[in-house]
Amino acid sequence: MAAPRGGLYVRVQSMEGVGRVLGTLSDLTVFPLSCVVQQYAWGKMGSTSEVARLLASSDPLARISEDQPYAELWMGAHPRGDAKILDNRISQKTLGQWIAENQDCLGSKVKDTFNGKLPFLFKVLSVGTALSIQAHPHKELAEKLHLQAPQHYPDANHKPEMAIALTSFQGLCGFRPVEEIVTFLTKVPEFQFLIGDDATAQLQQSLSQDSQAVAAALRSCFSHLMKNEKKVVVEQLNLLVKRISQQVAAGNNVEDVCGELLLQLHQQYPGDIGCFAIYFLNLLILKPGEAMFLEANVPHAYLEGDCVECMACSDNTVRAGLTPKFIDVPTLCDMLSYTPSPSKDRLFTPARSQEDPCVSLYDPPVPDFTVMKIEVPGSVPEYKVLAVDSASILLVVQGTVAASTPTAQAVIPLQRGRVLFIGANESVSLKLTEPKDLLIFRACCLL
């Protein structure tokens, strides 16, 4: 069944092919999950979506609707997308219910630190059209916003997040160096008009001043842009689109003013103030395996592509453009980190694990989550997923294996798209059932 756009699509995978794990319920610490697909309107359509392709690969009964968007796969226990357990004995339970009743599966440190909750939400995203210009609040602000407007800010948790590209992935992230913004103000008169002469002059002068002056000038410029009247924005954006379109038609290069991206965003969101944000924010194009980490108060927007994403278990977003959803410009302008940096500084480089040469470790400076990328050559017959003192969620992106644990007498077959929950301090043996390279992503909490 397909949900309408913007709705929720929950799929329970068939039990076919899922091995029954033997033993007592107390021994049950490793089991497959059936996860929630979110069909937001910005998602890629039908089988062009990696989310949909993973769904189809993992479940022979799944039917992909080519006229529907498949935006996000939620792997976790968030109330808006709590995974269901695929085990013959407890198949009616959700992961959240299971964790509430089996706290030790989290690991002692995780259980105590995060009040008996799974601290992260693991996702796959397939972005067809741009997501909003947005930022995520830190913990204190998240609690305040949730208290003031729970209809717009649905929980009180912060939401640091990391995106790891599965395909070429395009996004905006953090403020550009001031020199680049000043250059755009010179080359794009419509942009300069919306900023205004005084704020423009302040930013130019900040080039020879300290970081505090730069931050103040950036705040002034960005706030002036975002707080323009809609009518004025539409007029200036139409002028810019017309001018760039004429240059493209004449065969001129418009790369120096991000012309193609501007036209693309305007086509998706006509007259939207967020189209001008490309002149403030770094444009990142990630190759598969490359990542960006988005701490609190960093402005960003995902534009196109497929990625694995992990975040604190939260759904709090403050938006200000490129979206039909609730916009809160004053809050966004007040909360942002106005620290410019070159785009290369926004890349998050993984570290090679010292314990396991197959593992690349994406370990951000927050306690809530860590992501491991596991690459096993097809020539290796068996691979052991090492135990950690945390619950973890494992996603198979490529390859076919049979999973088993020391406490189980049966195996769990896993192929592309399958998701496995692993309780704390539990190791899992993966026997490759086909001589193909294995690619797995694993989310956990390493305190």
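The values are calculated or read from the model by the stated rules, or taken from the named source; none is laboratory data. Here the structure is a predicted model, which is why all the values come from computation and not from measurement. In this analysis, Cβ positions are derived from the backbone assuming ideal geometry, glycine residues included, and neighbour counts consider all displayed protein chains. Calculation scope for accessible area: heavy atoms of the full protein, side chains included, ligands and nucleic acids excluded. Shrake-Rupley method; radii C 1.70, N 1.55, O 1.52, S 1.80 Å.
A few comments on the model shown:
- The calculated 222 nm mean residue ellipticity attributable to helices in the chain amounts to -7500 deg cm²/dmol, summing -39500 (n - 2.57) over DSSP H runs of n ≥ 4 and dividing by all residues.
- Value of relative contact order over the stretch 41-166, rounded to a whole percent, pairs C-alpha under 8 Å and six or more apart: 23
- Hits among lysines - C-alpha to C-alpha of LYS44 under 17 Å, sequence gap 8 or more where chains match: LYS123
- Euclidean distance between Cα centres, the stretch 267-284 to the stretch 38-63, Å: 27
- Only Lys, Arg (+1) and Asp, Glu (-1) charged, at Cβ; the chain dipole about Cα centre in debye: 760
- 12 Å Cα-Cα reach of LYS344 towards aspartates and glutamates, excluding residues that sit fewer than 8 places from it in its own chain: GLU290
- Filtered GluC sites (Glu not before Pro), the stretch 316-404: DSSP coil and at most 15 other beta carbons within 10 Å: GLU355
- Carbon plus sulfur fraction of accessible area for the chain, probe 1.4 Å, in percent: 52
- Ranked by the mean number of other Cβ atoms within 10 Å of their residues, highest first, the peptides 308-319, 425-436 come out as 308-319, 425-436.
- Within the same chain, aspartates and glutamates fewer than 8 places from LYS109 are excluded, and of the rest, those with a Cα less than 18 Å from its Cα are GLU101, ASP363, ASP368, ASP389, GLU426.
- Between GLN415 and GLN103, residue separation times 0.36 nm minus the direct Cα-Cα distance comes to 109.5 nm.
- For TYR153, net neighbour charge (Lys/Arg +1, Asp/Glu -1) across residues whose Cβ lies under 10 Å away: -3
- Distance between the pseudo-spin-label points of ASP67 and GLN92 (7 Å out from Cα toward the beta carbon): 3.8 nm.
- Amide hydrogen neighbours beyond the local backbone of LEU438, cut-off 5 Å, H modeled: VAL376, GLY378
- Degrees between helix 139-148 axis and first principal axis of the chain (Cα, 0 to 90, nearest 10): 80
- Principal-axis tilt of helix 197-206 within the chain, Cα atoms, nearest 10 degrees: 70
- Using C-alpha pairs under 8 Å with a sequence gap of at least 6, the mean separation divided by the residue count of the chain gives a relative contact order of 22 percent.
- Relative contact order of the stretch 151-298, pairs being alpha-carbon contacts under 8 Å that are 6 or more residues apart, as %: 48
- The Cβ shell under 15 Å around PHE280 holds other residues with a net charge of +1, Lys and Arg each +1, Asp and Glu each -1.
- Computed over the Cα atoms of the stretch 56-205, the ratio of the radius of gyration to the Kirkwood radius (Rg/Rh) comes to 1.09.
- Prolate/oblate/rounded call for the stretch 298-447, Cα gyration tensor, a/c under 1.5 rounded: prolate
- Projected label points at ASN253 and GLN151, each 7 Å from Cα along the beta carbon direction, are separated by 5.1 nanometres.
- Furthest towards positive pole of dipole, GLY81, GLN134, ALA201, structure part the chain, Cβ charges: GLY81
- Acute angle (nearest 10 degrees) that the helix 259-268 long axis makes with the longest principal axis of the chain, alpha-carbon atoms: 70
- Diagonalising the gyration tensor over the Cα atoms of the chain and scaling each eigenvalue by 5 before taking the square root yields semi-axes of 42, 22, 20 Å, largest first.
- Each part gets one Cα centre, and for the stretch 95-149 versus the stretch 298-360 those centres are 15 Å apart.
- Taking 0.36 nm per residue of separation and subtracting the current Cα-Cα distance, fully stretching the chain between SER427 and ARG219 would add 70.0 nm.
- Cα-centred dipole magnitude for the stretch 180-322, charges only on beta-carbon of K, R (+1) and D, E (-1), debye, nearest 20: 380
- For the chain: accessible area per residue (Å², 1.4 Å): 41
- Computed about its Cα centre, the charge dipole of the stretch 319-447 is approximately 400 debye, with only Lys, Arg, Asp and Glu carrying charge at their Cβ.
- Spin-label pair SER211/GLN398, simplified geometry with 7 Å Cα→Cβ offset, distance in nm: 3.9
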